[in-house]
């Protein structure tokens, strides 16, 4: 991380003068930020970026599914997003016979587009509701304040949404509860799968190249949003028509140069740039190392089964991808936080705040209170991670833990037969869904190893009472791993996998049947005990942390009022824009990375039959023949596959459009670089890079590799 002056460090590295850093609310860019955007190259007016009264770029940006960004790129509702954002929908649409994940897919016409369960949301408007929320909150603090905050935000949302299933809203807390904005969305529920390149392109490089540059991944997929014949949101109906958007993005194939302006719109999921030194130390000492170790174990067992059978690979693909993505992230985040001494930088900032806060009753005890709450929670931090990522890392245990509600209902003396019937129906449906996604072999190994690791690593005082003593009493053979024996018996005897036992339970449900189920016994011993004994401590810790965070940020803004205009709130999955430049970088001494990767570089990585670096034969033939069509970069005489920018993004920005100075689509953001994985907590203006798939490569894959020129013809191409 670039070293900074102490007076600036006190704002936790977020008040540097627009050095590419910042996830700005488009409604509130302000003159200072907008002027800097223009200085960096922007050619558009503010109302072209965000406007309620007329079409603007914000109208082309969507929440895609539950955690990604997408963009509208045609007047017929065509959506571009990342391959990994569409991954679950692609896998769901696939079968062993029609394996779209493996082979790719392009709908030859609209009637061939495949319905999905996805929804997309268009931002209708943003409103500042700070005054109204604060009037309700008054001088309340802690849990009482959070309770009042939940009540008033729910009231505001209900007023806006009512019973309209095609509208949603959120009141987002900014600056840790010092400001509040209402975001109102139009919800479209008919989203259809249009096309995807083969997984060997969409995930080229796999886990090896994840979070790395150079990168040659074609991380894109294509969908379409449909509406009723009145162009309004509607549930799926075969008679629905492609949505006519208020605005769509033109796609540029003009190319780009080192230093060109780059702007990203999207929905960054979460950052914690205002984190304290206490939080940083907890992450580097306990949370990240524990999470990485447990995810590494889970991935090992899943991978071992996936490489044996294409059906298993398809079954576990989405889950594996999600686990792997942040396994590598949390490992890199810890290393970067330590490398750049983020802990020490935070302490310096806090020291100046403490000095300023002396004699100010509202703020002078903030950090002494921080010390208390972290001291109280730290003994439980590793235990919590072992529950959430270890024991519940077993899909079976995570599933049976959900029976707790049924168990409690069956234990009631004045049972309601209708309520029980309804809960059993829900449990039965959940079981069917679970069995479709369950791979017993990998799950059994995960459970056995998680139990072993928990016993070795977690403080014995936090072990479930008598659990391990009973386990070793029954499974005591020195020739066989007792954890594996135990897990085998759990999987053999639970009613989850036994249709006959399950049928008996559903027909004559009893609390004893649940309590005596071997899988539920594990869930009860670990998960339920955690929920009753430790989860309340975590809740208390989080509530106090939130209150102290609010006061700290309030104090920071009072301490440096002249800097407030240059502050941006942490990401919280609300629409933001960031800006910077296409830019090469030097990650270490004597090493310089170019700002683009090309098809020739992709072919250089090609390993026939490899799990991560294989390529379709047609791809290889096209590249060798230099069949680039109109998509070759004039300087490179090759197709640019990916490029990097200095933009500030985070998870949730996946699929975000990367725009040039004229607001034209030049690429899709999909990743960050390993050297700057501390970015959720500390942005590094020298090393931070956003990795983007080039729009020209997207179009080349669609037309040349996929043969879907009809999709190209639907776009507004800027040459």
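Throughout, read-outs are computed from the coordinates displayed, never taken from laboratory work. As the structure is a prediction and not an experimental result, all values here were calculated from the model. So basically every Cβ, Gly included, is an ideal-geometry build from the backbone, and we count neighbours across all protein chains shown.
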Using a Förster radius of 51 Å, what is the FRET efficiency between residue 109 and residue 141 based on their Cβ-Cβ separation? Nearest 0.05, please. 0.25
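Determine the gain in length on full extension of the stretch residue 686-residue 716; use 0.36 nm per residue of separation and subtract their C-alpha separation, reporting nm with one decimal. Can you show the working numbers first?
Numbers: separation 30, 0.36 × 30 = 10.80 nm, distance 3.51 nm.
Answer, rounded to one decimal: 7.3 nm.
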Considering the zone a paramagnetic label at residue 511 would reach in this model (a point 7 Å from Cα along the Cα-to-Cβ line), which residues of segment 398-422 have amide N under 20 Å from it? 400-422
Residues residue 584 and residue 244, FRET efficiency given R0 of 30 Å [Cβ-Cβ distance, rounded to 0.05]: 0.15
Place a point 7 Å from Cα of residue 309 in the direction of its Cβ. Which residues in segment 415-443 have their backbone N less than 16 Å from it? 435-443
Where Rh denotes the Kirkwood radius from the mean inverse Cα pair distance, what is Rg over Rh for the chain? 0.96
Which value in nm describes the separation of the simple spin-label points at residue 533 and residue 437, placed 7 Å from the Cα toward the beta carbon? 2.9 nm
Kirkwood hydrodynamic radius (Cα pairs, Å) of segment 342-552? 20.1 Å
Would you kindly give the portion of the calculated P(r) for segment 237-308 that falls above 15 Å, as a percent of all Cα pairs? 80 percent
How big is the shadow of the Cα convex hull of segment 45-131, averaged over all directions, in nm²? 8.1 nm²
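Among 428-438, 168-178, how do they line up by average Cβ neighbours within 10 Å per residue, starting with the highest? Kindly include the intermediate steps, with their values, before the conclusion.
On the way: 428-438: 13.2, 168-178: 19.6.
The peptides rank, most packed first, as 168-178, 428-438.
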Please rank 101, 699, fewest neighbouring Cβ atoms within 10 Å first, as an exposure proxy. 699, 101
Once Rh is set to the Kirkwood radius over Cα pairs, what Stokes-Einstein translational diffusion coefficient, in µm²/s, holds for segment 474-624 at a temperature of 37 °C and a viscosity of 0.692 mPa s? 136 µm²/s
Would you compute the Debye intensity of segment 277-377 from its alpha-carbon atoms alone, equal scatterers and no solvent, and pass along log10 I(q)/I(0) at q = 0.15, 0.18, 0.21, 0.24 Å⁻¹ to two decimals? -0.74, -0.88, -1.03, -1.16
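Would you order 710, 84 from fewest to most other beta-carbon atoms within 10 Å of each residue's own beta-carbon? Present the calculation step by step, with values, prior to reporting the outcome.
Numbers: 710 14, 84 24.
The order, fewest Cβ neighbours first, is 710, 84.
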Obtain the nm distance between the two label points defined at residue 635 and residue 408 by a simple spin-label model: each point lies 7 Å from its Cα along the Cα-to-C-beta direction. 6.2 nm
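What percent does the relative contact order of segment 342-552 come to when contacts are Cα pairs within less than 8 Å and at least six residues apart? If you can, show how the numbers build up before the last one.
On the way: 142 pairs, mean separation 71.4, N = 211.
Relative contact order, segment 342-552: 34 percent.
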For the chain, calculated [θ]222 nm from helices alone, where every DSSP H run of n ≥ 4 adds -39500 (n - 2.57): -13000 deg cm²/dmol
According to a simple spin-label model (label point 7 Å from Cα along Cα-to-Cβ), what is the distance in nm between residue 354 and residue 459? 2.4 nm
Rg/Rg_globular for segment 568-719, with Rg_globular taken as 2.2 N^0.38 Å and Rg from C-alpha atoms: 1.13
